[in-house]
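The values are calculated or read from the model by the stated rules, or taken from the named source; none is laboratory data. Note that the coordinates shown come from a computational prediction; the quantities given were computed from them, not determined experimentally. Cβ: placed from backbone, ideal geometry, glycine included. Neighbour counts: every protein chain shown.
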Amino acid sequence: MTRSGKEYMDGLRDGRRVFINGEFVDDITSHPAFRGAVRSIAGVYDHADDPANAEVMTYPSPATGERVNKSFLIPRSEEDLRSRRVALRKQAEMTLGLMGRGPEHVAGFLAGWAARPDVFAEGGQRYADNIVRFYEYVRDNDLYCSYAIVPPQIDRSKPAHQQADPHLYAGVKEEREDGIVLAGAQMLGTGAAISDYLILSCIVPLRPGDEDQAVNVAIPIGAEGLKVYSRRGYAEAASSLYDYPLASRFDETDALIVLDDVFVPWEHVFVYRDLDITRDQWSRTPAHLLGNNQAQTRFSVKLDLLAGMAKRVAEMNGSASFPPVRGTLGEIAAHAAMVGGLVAAQEQNCEIDEHGVAWPGKAEAYAVMTLQSDFYPKLLNIVRDLCGGGVIQLPSSAADYAHPEARADLERYVQSPGFPSEERVKLLKLVWDLVGSEFASRHQQYEMFYAGAPFLVRTRMSEMYDFDRATALVDRALAGYGVEGPQAS
Ligand SMILES: Cc1cc2nc3c(=O)[nH]c(=O)nc-3n(C[C@H](O)[C@H](O)[C@H](O)COP(=O)(O)OP(=O)(O)OC[C@H]3O[C@@H](n4cnc5c(N)ncnc54)[C@H](O)[C@@H]3O)c2cc1C
């Protein structure tokens, strides 16, 4: 089944402990820091739930035959990847590529894990059964999972078990007959406050002695002992939709997750105290590729938005035909086209494994991850360059238009041909919310770090590229000659 937006919102009223501005939130769906994001996600649910969109957005569940969201699809062909991407792109367009951890993100990870239960079975068959059952449950009930898979920054020079307190990093505190008890903290649960389940695991390398942290579990956000410590809410700080059109609608929020002796029944444990499987779940299953293929489909939408904004601003300012400005627009467009192309190439260069599962092309996926932390901040700067002081020379808020004298001045001096004052200001406030506001700044940090610290991603890229093919060319170039000149072959 697919859920409606209302069903999604109803599910969030479960007694969850979300903390912001010195207090726990009563109702996440009406709190000003979260309600905008909740409504945006509800809109995404409604879109997929609309029978008119069923063909593009859903597929029949192999278990029930009912239509389920395509983000859960386990791809078995290039065509499956393409059809999944079309649905994911549509979903991303609804939130302008600005919600990185909507329900469709972790759905890809779950599909990747469920596609390769053999990896989880190495820890015991029950763990393989658990991951498949949980994936099917989430898929068939259209649930929203977020994840926290990085230990908090406390002391990066020491492994988990050598921290001052062995339960600083989230991990197993107690094993019981019916399940396990977890304690500690994990960063950085984007969307956790507005999701149904948290997947808690670890993607950073663990060392022998860190077995307590070597887990993968699912926890309902409303579980007793789970606390979500949100950062500052940009939606709440936004003075109006007109002034902060992106922050007010798409701030998915990020949070520190604290586990105060949280009980997890065995059926929600997928990896248990196993360093090898905790590592292998990211590389020996297509989870990381499917999750990041979605992330890049979303990123591609965001780059198109950025390119569109740059073009509109140049047109409005009358600079679009200046050759240097056209060159600048071309530079932004090149990056947008490159990412779109690399996402599509992941379909063409997919590999079908021995289980019949299609893995998106690795080199292309990691190329985007590697490059984006570098070029996204540069693109923001390019757009800021195009805007000049226009994004600053703006009325303090929408309320300024209600003052007749101020309104008359704004209409006279803050306008462009074809763009009456309210339209000019509207566009520039939109641009500022993507390139300059606190929301924009968080997005820059997000695009730099969501796939991991850039130095780690670059290292991983070096393992994904076909260096054999590359070095064979070097051998070819070196063949057939020496200091004496050409050699007979
Ligand atoms: C906006 C945002 C949203 C996020 N959402 C999520 C989420 O939903 N779920 C989730 O699990 N995580 C999330 N993350 C966390 C993200 O996965 C981590 O930020 C990322 O893995 C990097 O880890 P870190 O922040 O602890 O940085 P660190 O690992 O502490 O690294 C920070 C910097 O220190 C330097 N450094 C550290 N170690 C080394 C080293 N060994 N060698 C050389 N240099 C080093 C590098 O300059 C590096 O960039 C999010 C992060 C951001 C910014």
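Some points to look at:
- Subset of region 177-199 (residues that are free of Cβ contacts under 8 Å to residues at least 60 places away in the same chain and farther than 19 Å from Phe19 by Cα): Glu177
- Residue in region 218-227 that is away from the ligand (no atom under 13 Å from the Cβ), touching a residue at least 12 places away in the same chain (Cβ under 8 Å) and under 22 Å from Arg279 (Cβ atoms) present: yes
- Of all residues in region 313-331 being hydrophobic (A, V, I, L, M, F, W, C) and part of a loop (DSSP other than H, G, I, E, B), the one that is farthest from Asn349 (Cα to Cα): Phe322
- Qualifying residue in region 461-473 (condition: farther than 22 Å from Ala334 by Cβ, in a helix (DSSP H, G or I) and within 16 Å of the ligand (Cβ to nearest atom)): yes
- Unique match (being more than 16 Å from the ligand (Cβ to nearest atom), surrounded by 10 or more Cβ atoms within 10 Å (Cβ to Cβ), of a type in the set (A, V, I, L, M) and not assigned by TED's automatic domain parsing to the domain that holds Arg101) among Val483, Val391: Val391
- Residues of region 410-439 classified as in contact with a helix residue (DSSP H, G or I) (Cβ under 9 Å, 6 or more places away or on another chain) and assigned to a helix (DSSP H, G or I), total: 20
- At least 3 residues being closer than 28 Å to Asp129 by Cβ is the threshold, and among the helices (runs of 4 or more DSSP H) wholly inside region 225-312 those reaching it are 275-283.
Matching residues to (1) surrounded by fewer than 19 Cβ atoms within 10 Å (Cβ to Cβ); (2) within 27 Å of the chain's Cα centre (by Cα):
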{"residue": "Trp266", "(1), (2)": "yes, no"}
{"residue": "Thr285", "(1), (2)": "no, yes"}
{"residue": "Ala314", "(1), (2)": "no, no"}
{"residue": "Arg326", "(1), (2)": "yes, no"}
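- Tally, over region 332-352, of residues that are in contact (Cβ under 8 Å) with a residue 40 or more places away in the chain and part of a loop (DSSP other than H, G, I, E, B): 1
- One residue stands out among those in region 404-455 that are under 21 Å from the mean Cα position of the chain (by Cα) and charged (D, E, K, R): the one that is farthest from the ligand (Cβ to nearest atom), which is Asp433.
- So Ile154, is it modelled with pLDDT of 95 or more and within 12 Å of the ligand (Cβ to nearest atom): no
- Only residues that are surrounded by fewer than 18 Cβ atoms within 10 Å (Cβ to Cβ) and within 11 Å of the ligand (Cβ to nearest atom) were counted in region 140-149, giving 0.
- Cross-chain or 6+ apart pairs with Cβ under 7 Å, region 150-169 first and without any contact (Cβ under 8 Å) to a residue 40 or more places away in the chain, then among the charged types (D, E, K, R) and within 11 Å of the ligand (Cβ to nearest atom): Gln163/Asp155
- Looking across region 134-159, just one residue is of a type outside the set (Val, Ile, Thr) and in contact with a Cys (Cβ under 8 Å, 6 or more places away or on another chain), and that is Pro151.
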